Structures are given as C-alpha cells and as structure tokens.
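J.: Sharing a structure here in structure tokens format.
The values are calculated or read from the model by the stated rules, or taken from the named source; none is laboratory data. Keep in mind that this is a model prediction, so the values were computed, not measured. Here the Cβ positions follow ideal geometry from the backbone for every residue, glycine too, while neighbour counts run over all protein chains shown. Note: areas computed on protein heavy atoms with side chains; ligands, DNA, RNA excluded. Shrake-Rupley method; radii C 1.70, N 1.55, O 1.52, S 1.80 Å.
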Amino acid sequence: MRGVIFRGLEELVIEALGMQAWDELLEAYAPTGRVYVSPTSYPDEELFALAQGVAAKLGKPLTEVLAIFGQSLFGFLAEKHKGIAAKFESFEELVLSIDSVIHMEVKKLYDEPNLPSINVVKEDDKTLILEYCSKRKLCFCAEGLLHGAAQHYSRKLSIEHPQCMHNGAEHCTLILHLD
C-alpha cells in the first residue's frame, strides 16, 4: 500500500482524534520509528492494523471506519492531485473513467501500484453498476471513496452492495443510485 494512503489515514485520525491518537496508533500498530512517505510502498497489513486500531478507538465496526476513511480519502487525494480531479466535469464521468484514466494516472505517479480492477456500466441516467475486485477486499473503502466523489461533485448518492467478496463472491457489485 502506498504511503499516500497512510498519509490520508493520518490526516483523518489527527482531524478526528488528535495527534496524540495518531502517535498511539503508530506505537501500537506500526514498526518502531515508521514514517509514511507518499510514494513509498508499505505492507498492507500495516494499514489494516492501523484501521483496526482506529475502529477500536472510535468504538465503530471496521467496515464503517473504512467507509469513513474512503470518503475522507477522496478529498485528500483530490487536493494532492488536483490535475487528475480537474479532468472530470461530473461524478458520472469520473466513475466511468476510474480504470481507463484515473488508474492510468496513478501508474504514472507510482511504480507498480496494486490497484483494484474496476468495471463500470451506465445502466441509465441515474444508475451506474460498478464491479470491484481486489485481493485487498477494500470494497467498503471504495464505497467511501464514491461517496467522497459524489460530495465533491455535489451529487446525492446511495449505494447498494448486493454481491460482496467478503461473502465469497469473485467480485463486489455496487449499484450507484444518483438523485
């Protein structure tokens, strides 16, 4: 997992719980002296452990914390990479371009990114069907990212998640309903 993702989690934790909480999480769940640098890769297990620690501190389920993190992460990444976000005039355009444009831009910025496979089909003017597949199974974070993107474009979004890798499916299906 790239350091930029850890930095996004750090920003969320400091904003919600304070710097001391982030330091406590690092002490408990990261290697001694670890500093996360955006372009560097770190073991996925470190992010999962930190996220579990955040969930424990907040007294919330991990799935909810991952969704909150994803929503915050969209704003964090959009601010860090303004040129990518500026390429899209609408939420729909952004979502339809995740694999073909956004992930291609990520590959230019970072060597060997381990990106999820995303396939999106526009069912009608208010519905997109998104298939998500990743060995990391961060579909709840993906839902949060989608909510963050909808907020960025001032769109109201609801998501159905009828098929999930956590329940044995080969991929997650997210049905995005726009108002």
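J.: Considering every residue within the stretch 71-82, establish whether at least one is closer than 23 Å to Cys139 by Cα and part of a loop (DSSP other than H, G, I, E, B). Steps first, answer last, please.
T.: Of the stretch 71-82, the ones closer than 23 Å to Cys139 by Cα are 71-81.
Pick out the ones that are also part of a loop (DSSP other than H, G, I, E, B) and you get 81.
Yes; the residues of the stretch 71-82 include at least one that is closer than 23 Å to Cys139 by Cα and part of a loop (DSSP other than H, G, I, E, B).
J.: Would you point out the residue of the stretch 86-101, among those that are outside any loop (DSSP other than H, G, I, E, B) and either in contact with a strand residue (DSSP E or B) (Cβ under 9 Å, 6 or more places away or on another chain) or among the basic types (Lys, Arg) (or both), that is surrounded by the fewest Cβ atoms within 10 Å (Cβ to Cβ)?
T.: From the stretch 86-101, those outside any loop (DSSP other than H, G, I, E, B) are 91-96, 98-101; that's our starting set.
Right, trim to either in contact with a strand residue (DSSP E or B) (Cβ under 9 Å, 6 or more places away or on another chain) or among the basic types (Lys, Arg) (or both) and you get 91-92, 95-96, 98-99.
Details: Phe91: 20, Glu92: 18, Val95: 24, Leu96: 18, Ile98: 23, Asp99: 14.
Only one residue fits best here, namely Asp99.
J.: Across the stretch 130-179, what is the number of residues that are part of a strand (DSSP E or B), within 19 Å of Leu115 (Cα to Cα) and not charged (D, E, K, R)? Steps first, answer last, please.
T.: Within the stretch 130-179, the subset part of a strand (DSSP E or B) is 130-133, 157-163, 172-178.
Then keep just the ones that are within 19 Å of Leu115 (Cα to Cα); that gives 130-133, 172-174.
Those left that are additionally not charged (D, E, K, R): 130, 132-133, 172-174.
Going through the stretch 130-179 one residue at a time, the tally reaches 6.
J.: Ok, one more. When you go through Leu47, Leu26 one by one, which is the residue that is open to solvent by less than 30 Å² (accessible area, probe 1.4 Å) and either in contact with a helix residue (DSSP H, G or I) (Cβ under 9 Å, 6 or more places away or on another chain) or at positive phi (or both)? Please lay out each step first, then the result.
T.: Values: Leu26 fails: open to solvent by less than 30 Å² (accessible area, probe 1.4 Å).
So the residue among Leu47, Leu26 that is open to solvent by less than 30 Å² (accessible area, probe 1.4 Å) and either in contact with a helix residue (DSSP H, G or I) (Cβ under 9 Å, 6 or more places away or on another chain) or at positive phi (or both) is Leu47.
J.: Between Val65, Val4, Val54, which is farther than 14 Å from Gly144 by Cβ and assigned to a helix (DSSP H, G or I)?
T.: Working: Val65 fails: farther than 14 Å from Gly144 by Cβ; Val54 fails: farther than 14 Å from Gly144 by Cβ.
Step by step, each of Val65, Val4, Val54 is checked, and only Val4 is farther than 14 Å from Gly144 by Cβ and assigned to a helix (DSSP H, G or I).
J.: Right, something else. Look at the stretch 65-83 and say how many of its residues are free of Cβ contacts under 8 Å to residues at least 60 places away in the same chain and of a type in the set (D, E, K, R). Working first, answer last.
T.: If we filter the stretch 65-83 for residues that are free of Cβ contacts under 8 Å to residues at least 60 places away in the same chain, which is where we start, we get 65, 79, 81-83.
Within this subset, residues satisfying the condition of being of a type in the set (D, E, K, R) are 79, 82.
Adding up the residues that qualify gives 2.
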